[in-house]
Structures are given as structure tokens and as C-alpha cells.
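Enquirer: Below is one structure. I have some questions about it.
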Amino acid sequence: MTAENSARTLLRVSGLRKTYRTGKAEVIAVDGLSFSVRAGGALGIVGESGSGKTTTARMLVGLERPDAGQILVQGEPLAPTVRGRTARLARAKAVQIVFQDPYLSLDARITIGATIDGALRLHGLADPAARTARMRELLAQVGLGEREAAALPRKLSGGQRQRAAIARALAVEPAVLVLDEAVSALDVSVQAQVLNLLSDIRRDTGIGLIFVSHDLAVVRYVCDEALVLFRGRTMEHRPVAELLSDPGHSYTQLLLASVPRPDWDPDSISRRRTAGIRSPAGLGPRLHQPAAQGTRSDGGGGAG
């Protein structure tokens, strides 16, 4: 990836908001979220359950429609709704997602090779020989071969299925790949293999990665920057090393304190949770405006 490519913004999110109605109540899932990802950059979106991480991921790929805000991929806005085959294929080529459970993106009835072949055919690769060659190339890129190509998903291990799901997502050559807790169900050794694979892919192709995770170790390992969500709002957005070594917000401090370690005090953490995080305005959001590489915050998502 060239220096020119690394300065190119792939994804820009501005003022994203999503609410849900539960009876007469309105629940704000995401509120004023803004960030950008440059070519070859990797952004970690972290927070506990209910923080708005997965809702954000679903809006990026069009599975949820934002109430407000804008999503730009390579400078082009993603339409809130898509109609027609051409629009759907364009949306899929802009942003792809890999879920925690690869069965959500792998058809249990057909082989891994046929799944990838179908994605290639759908996106315009008509020649069967060219599709076969590309399918083998994609599987080799994620460390799989002929045996896995001929297998049904149930015949593969969890790590192999996740690799196959990544290969399928990469088949359409998306600008951005969203990974929603994509390694959380894997053994630690398999996690490391998949994370190394993703690091290699973004280095070689310039794809932008967004990791949605509650696991700070994963974010530390593979991301350039991290964005901490609390009740749908950005608490901090800074380079990973800075954020983890010097957390500026009480919520980030609580997340870090929750990671088990030799001097871990779960009772103290439980008391803090019971007391609740007081208004996020106490410290305010701590945002970072980095140089033209990796990812950057656009200053949105301020705490209320």
C-alpha cells in the first residue's frame, strides 16, 4: 500500500443517530457518532453490551436505517434504503461484515467453494475458470485449501469457518470490512491466527477495518485507534496505546478495570457498576485528531 493510498479516507461517518421505540419510551441506541477510517486503517469500537456497538455496525452495512447522520464510503453517500439489484450490489461492494457466528454468512447446504463462487458470480465474474482461480486465491489468502473448499461448513472447525466467512466477504473487494465480535467465540490461539491474517490483509490490500468488540486485548492487538461507546455516545477516541495506558474517561477506566489480572478486585468493580457511571459529562469526551494515517475522529459523538 502506497503512502498516497494510506492518506485516502475510505469511510466517513457524521452525526449518526438511531433510536428505538419500546412501548411509549424512546431508547437512544446511537447518538451523534462521528469518525473516519483511512485506507489500511483499523478502528476498534468498544463498549459493553447495550453501548451501541452492534447497532453502529448494522447501520454501516445497511441492516439498520439511521434516523439522522451520513455515511460516506470513498466519498459517496450510502443510501438509507436500496432498491434494485445494481444498488444492492454497490452497497455490498462498499462495506461487508463478518459476524460472530459465521453460519450467518455461510449457507449450510453448500460447500465453502460454492459459497465463494456464488459471491464472485453475483458480482460480475462470469468466466467459470476465472471464478475457480479467484476462489482458490481467496481461500489461500485466509489459509484454506482444496479440502476446505470442498467441505460443508459443518465439517470445518470454528476458526476455519470464520476464515471462510472472511474470504467470502473479501470476494467482492469491499472498501471497508466490519467485524462484529468476529473472533470472540474462537479459542485464544485461533483468535491470534485470524487477527494476524486480518493485519496482513489490510497491509497488503489497503482495506479499512472496523472491529466491534468488548475485548480490549483484541483491539490492542490489531487496531490503530479505539473509540469507546457508552449509551450510544463517544467517550473517547484516541490511538489505542494512549487510550489503554492513560484512559481519560471514568467509563474507559471501568472497562480496563474489568479485565482480569493478578490484582483484580471484582467486588470493587461490581460496586462501581451498582453505583453506576455518573453523567458522562463529568469528564466529557476525550477525542483525538491524528495525522493523515490510520483512522481519525471528526470531533462528533460528544457526551451529553
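Enquirer: At 0.36 nm per residue, and after removing the present C-alpha to C-alpha distance, how many nm does the segment from residue 203 to residue 130 gain when stretched out fully?
Expert: Gain on stretching residue 203 to residue 130: 23.8 nm.
Enquirer: What residues have an amide H closer than 5 Å to that of residue 11, excluding those fewer than 5 places away on the same chain, when H is modeled at 1.01 Å from N in the peptide plane?
Expert: The list, which skips near neighbours in sequence, is 37, 74.
Enquirer: Summarise the accessible area of the range 62-139 (1.4 Å probe, protein heavy atoms) by the percent that is carbon and sulfur.
Expert: That fraction is 54 percent.
Enquirer: Give the calculated FRET efficiency between residue 257 and residue 173 to the nearest 0.05, with a Förster radius of 35 Å applied to their Cβ-Cβ distance.
Expert: Calculated value: 0.30.
Enquirer: Whole-Hz ³J(HN,Hα) for each residue in the range 167-179, computed from phi via Karplus 6.51 cos²θ - 1.76 cosθ + 1.60 with θ = phi - 60°, x for glycine and proline: what do you get?
Expert: These are the phi-based 3J(HN,Hα) values: 4, 4, 5, 6, 4, 8, 6, x, 6, 9, 10, 9, 10 Hz.
Enquirer: Which FRET efficiency, nearest 0.05, do residue 122 and residue 152 yield, Cβ-Cβ r, R0 30 Å?
Expert: 0.90
Enquirer: Per residue, how much accessible area does the range 135-267 have with a 1.4 Å probe, in Å²? Intermediate values should be presented prior to the final figure.
Expert: Numbers: 5390 Å² over 133 residues.
I get 41 Å² per residue for the range 135-267.
Enquirer: Please give the charge dipole size of the range 111-230, origin at the Cα centre, charges +1 on K and R Cβ atoms and -1 on D and E Cβ atoms. Round to the nearest 20 debye.
Expert: Charge dipole of the range 111-230: 400 debye, to the nearest 20.
Enquirer: Here's something else I'd like to know. Straight-line reach from residue 18: which aspartates and glutamates have a Cα under 15 Å away, not including same-chain ones fewer than 8 places off?
Expert: Leaving aside aspartates and glutamates fewer than 8 places away in the same chain, those within reach of residue 18 are 26, 31, 64, 67.
Enquirer: Given a Förster distance of 25 angstrom, what is the FRET efficiency for residue 93 paired with residue 20, based on the Cβ-Cβ distance and rounded to 0.05? Each step should come with its number before you reach the end.
Expert: Working: r = 29 Å, r/R0 = 1.15.
About 0.30, to the nearest 0.05.
Enquirer: Report relative contact order for the range 168-213 in percent, whole number only (criteria: Cα-Cα under 8 Å, sequence separation at least 6).
Expert: So the answer I get is 58 percent.
Enquirer: In addition: Enumerate the amide H contacts of residue 226 below 5 Å, restricted to partners 5 or more residues apart or on another chain; note that Pro and chain-start residues carry no placed amide H.
Expert: Result for residue 226 returns 44, 238, 240.
The values are calculated or read from the model by the stated rules, or taken from the named source; none is laboratory data. Quick caveat: nothing in here was measured; it's all calculated off a predicted structure. Glycine gets a Cβ as well: all are built from the backbone with ideal geometry, and neighbour counts include every protein chain shown. Note: accessible area is taken over every heavy atom of the protein model, side chains too, but ligands, DNA and RNA are not part of it. Shrake-Rupley method; radii C 1.70, N 1.55, O 1.52, S 1.80 Å.
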